[in-house]
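**Student:** The structure's right below; bear with me while I get my questions together.
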Amino acid sequence: MSNDTLVTVENVSKKFCRSLKRSLWYGMQDLGNELLGRRHGGNGGLRPDEFWAVNDVCFELKRGECLGLIGRNGAGKTTLLRMLNGLIKPDMGRIEMHGRVGALIALGAGFNPILTGRENIYVNAAVLGFTKEETDRKFDNIVEFSELSEFIDSPVQHYSSGMYVRLGFSIAANFNPNILLVDEALAVGDLAFAVRCLNRISELRKNGTAVIFVSHNELQVREAAQNCILLDHGHATRYESLDQAFLAYHALRSDTVLLDESDIGFVHDGPVRIRAICKKNTSDEILCSNETAMIELDCQTQMDCLNLGLELRFWTALGQLISVVKSSAYGVSFDLPKGESQIRVDIKTLALAPGRYRLAGGFRRDGEILGWSRDLAHINITPSQAQWSGEGILMLQAEFHGPFIS
Amino acid sequence: MSRNDNTDQVTVYTPDSSLRDPGQLIGEMFRDLWAGRELAWRLAVRDISAQYRQTALGLVWAFILPLANTAVWLFLNASGIVRMGETVLPYPVYVFTGTMLWAIFMEAANAPLQVTAAAKPMLAKINFPREALIVSGIYQTLFNAGIKIVLLLLAIMVLGVFPNWSLLLFPLAILSLLLAGTALGLLLTPVGMLYADIGKSFPLIMQFLMYLTPVVFAMPASGWAATLFQLNPLTPLILTARDWLTGMAPEYLGYFLGVNLATLALLFVMWIVFRAAMPILIERMSA
């Protein structure tokens, strides 16, 4: 077998129990079976109230590779990492890990709040398997990396959560593992620290560490990983391209979480109620990038409303604001008569990249909101264009000039 | 790319029971015990310093409970509410040594469940030699026992009992109390981690055990109580420790040795159980 494969996961499954009482009782049963030398997980069937948290997952990871692990909450990511780390036993399958495993799973687990940062560095390093001499040697690096030198002698209970994590990461990152497991570790720190962590991870990777990176942050995964596994209800799909993985991921989450269809419609407060659809033209064809989009708003008011400014906000499915269009900037305001009325807004060359977007907006008068909806409409941009590079949130139209050989 | 690493060190995780391969299991147990020595020390230092840093009375907490206990029994005896029976040693010395030694045993028995429960967040997320937890518990008990013993020695000398050469054997008796306590504690830990009932009933069980051991009462001379006291494996441990401390000839030396051998065997078996149970407990504690 090639010595370059550091992680081998073969048909690994893990079941969990929904009910606490049952879970404890199953724990007792498993304990008995283990002590009788029986196989964990029984015959592979589920007991009442159990479900597969990780279901038949296979993958391999080579030296210097970084694998992103994405999926919604409860998809089994952490469970898989915990099996890889040897914390819990798989119920089926086999895991083979080569070399020293470092896990950035719970940064600062084992910190005692009363003790100082300095004391906790020694304790935490010992938990991770450092000897005192190794820690002595790396102490200055750890403190420097954490940027906490002025607080190192105060009790960590006075630290902020970000400082806590910074110290935890600095200790763990100075450990040189062959396999590194990172679970949402960077979510708490500030941006500058997250960047430094990502740099450290890629440094380790260049030195031959295999990295498994779990994060909900698309940008961080794109920064760190080369390919990706998408977990959904315990099932894993491996994607060689991050874009495919994230398209599939967004397809999972956009329908259920961020873009909840039931939220669309009239807003329930304010005198103006609005509803919108966004389409290519009157024949309801699906929009492509850089076409004119027609946004039709149905408005309903309880009284005559004069001098209203219309505001439209374009969001990505991930909650990133792309653009705000205000009618007031165009010198336009609306007078809505009592009852129903229609407004149409044409967006020339809607430069959004293929994907799903959310349109929010409403009416304002002198800053006061007179009707607003977080979910005015969902915008679907079809990915059928040849020029689409597969990345980014905008699709800019380019013309190329210069010497060509065609 | 660095090749001088330890990637040929392979770890395999399967659903198979760890008891399938006893040779490998025992090898791993001792390897982890060795690997965790530094960690055990760190954890003990961490817990001891944190424990005393946030108290005003500090080290007094190590012996305040047996001290209070002694006071209660001295009062009960002096007021004639409870008759203790004849002891060779002056009763205050008897009851003070008894409660102090019992406190050491109780702390040792309490330690495995307590340290394991306190380390839940760590256990659930970090892979470290689990043996270190138990050893750190033993260190902490030893530290507290040291304070108690110093106080105990001072107190019995004030009360007019002077130890002789057999004091040299006394640490051995303390060690057997510690190991017996740890074995008992390990016995309770796996189920105790799942069901809180164990932890809650622990003080009750210990109270009951104490009255079956010559801690505050003298050995009954006859009757079923005498048989019960004599069969109780804790009796020779407490009596021998007390005899060695106060310079008397130990009566139950043979039984003492037998209990120690049994303790070592039990300790080893419970160590295996603890180790095998860990991944299963961790799975349940955070599910």
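**Student:** For region A:350-373, which residues satisfy the criterion of being part of a strand (DSSP E or B) and within 30 Å of A:Trp388 (Cα to Cα)?
**Tutor:** Start the filter on region A:350-373 by keeping residues that are part of a strand (DSSP E or B), which leaves A:350, A:352, A:355-365, A:368-373.
Within region A:350-373, A:Leu350, A:Leu352, A:Gly355, A:Arg356, A:Tyr357, A:Arg358, A:Leu359, A:Ala360, A:Gly361 qualify.
**Student:** Residue by residue through region A:90-135, note down the ones that are more than 8 Å from chain B (Cβ to nearest Cβ), free of Cβ contacts under 8 Å to residues at least 40 places away in the same chain and closer than 16 Å to A:Arg166 by Cα.
**Tutor:** Correct list: A:Arg118 only.
**Student:** Report every pair of residues separated by at least 6 positions or lying on different chains whose Cβ atoms are under 8 Å apart, first residue within region B:29-41 and within 9 Å of chain A (Cβ to nearest Cβ), second surrounded by fewer than 16 Cβ atoms within 10 Å (Cβ to Cβ).
**Tutor:** Listed pairs, sorted by first residue: B:Glu38/A:Thr131; B:Glu38/A:Lys132.
**Student:** Do we have any residue at all in region B:48-58 that's closer than 24 Å to B:Gln114 by Cβ, of a type in the set (A, V, I, L, M), assigned to a helix (DSSP H, G or I) and within 14 Å of another protein chain (Cβ to nearest Cβ)?
**Tutor:** Within region B:48-58, one or more residues are closer than 24 Å to B:Gln114 by Cβ, of a type in the set (A, V, I, L, M), assigned to a helix (DSSP H, G or I) and within 14 Å of another protein chain (Cβ to nearest Cβ).
**Student:** If I filter region B:214-242 down to residues being touching a residue at least 40 places away in the same chain (Cβ under 8 Å) and β-branched (Val, Ile, Thr), which single residue comes out as nearest to the other protein chains (Cβ to nearest Cβ)?
**Tutor:** It comes out as B:Ile238.
**Student:** Here are the criteria: (1) over 24 Å from A:Phe193 (Cα atoms); (2) in a helix (DSSP H, G or I); (3) at pLDDT below 85; (4) of a type in the set (A, V, I, L, M, F, W, C). Tell me which single one A:Met83 does not satisfy.
**Tutor:** Going through the list (1) over 24 Å from A:Phe193 (Cα atoms); (2) in a helix (DSSP H, G or I); (3) at pLDDT below 85; (4) of a type in the set (A, V, I, L, M, F, W, C), A:Met83 breaks only (3).
**Student:** Within region B:229-276, how many residues turn out to be outside any helix (DSSP H, G or I) and either of a type in the set (D, E, K, R) or over 20 Å from B:Leu101 (Cα atoms) (or both)?
**Tutor:** 1
**Student:** Of the numbered conditions (1) over 16 Å from the mean Cα position of the chain (by Cα); (2) buried (at least 17 other Cβ atoms within 10 Å of the Cβ); (3) of a type outside the set (Asp, Glu); (4) away from chain A (no Cβ under 14 Å), B:Asn260 satisfies every one except a single condition; which is it?
**Tutor:** With (1) over 16 Å from the mean Cα position of the chain (by Cα); (2) buried (at least 17 other Cβ atoms within 10 Å of the Cβ); (3) of a type outside the set (Asp, Glu); (4) away from chain A (no Cβ under 14 Å) applied to B:Asn260, the lone miss is (1).
**Student:** Which count do you get for residues in region A:143-178 that are polar (S, T, N, Q) and more than 16 Å from A:Glu119 (Cα to Cα)?
**Tutor:** 5
**Student:** Taking A:Glu60 and the conditions (1) in a helix (DSSP H, G or I); (2) free of Cβ contacts under 8 Å to residues at least 60 places away in the same chain; (3) of a type outside the set (A, V, I, L, M), which numbered condition does it fall short on, given that it satisfies the others?
**Tutor:** Status for A:Glu60: all satisfied but (1).
**Student:** Can you name the residue in region A:55-80 that is farther than 16 Å from A:Met97 by Cβ and of a type in the set (A, V, I, L, M) and is also modelled with the lowest pLDDT among such residues?
**Tutor:** Restricting to residues being farther than 16 Å from A:Met97 by Cβ and of a type in the set (A, V, I, L, M), the top hit is A:Ala75.
**Student:** In a strand (DSSP E or B) and either in the same structural domain as A:His216 (by TED's automatic domain parsing) or within 21 Å of A:His250 (Cβ to Cβ) (or both), is that true of A:Ile347?
**Tutor:** Judged against the criteria, A:Ile347 is not a match.
**Student:** Being of a type outside the set (Asp, Glu), in contact (Cβ under 8 Å) with a residue 40 or more places away in the chain and in contact with a Lys or Arg (Cβ under 7 Å, 6 or more places away or on another chain) is the filter here; which residues of region A:300-311 pass it?
**Tutor:** Residues satisfying the conditions are A:Gln300, A:Thr301, A:Asn307, A:Leu308, A:Gly309.
**Student:** Return the residues of region B:115-138 that are surrounded by fewer than 20 Cβ atoms within 10 Å (Cβ to Cβ) and farther than 25 Å from A:Val101 by Cβ; say none if nothing qualifies.
**Tutor:** Across region B:115-138, the qualifying residue is only B:Ala117.
**Student:** Can you report the number of residues in region A:133-184 which are in a loop (DSSP other than H, G, I, E, B) and under 23 Å from A:Ile212 (Cβ atoms)?
**Tutor:** Summing the residues that are in a loop (DSSP other than H, G, I, E, B) and under 23 Å from A:Ile212 (Cβ atoms) in region A:133-184 gives 6.
The values are calculated or read from the model by the stated rules, or taken from the named source; none is laboratory data. Since the structure is predicted, the reported quantities are computational estimates derived from the model, not experimental observations. Cβ sites come from the backbone with ideal geometry, for glycine too, and all protein chains shown count toward neighbours.
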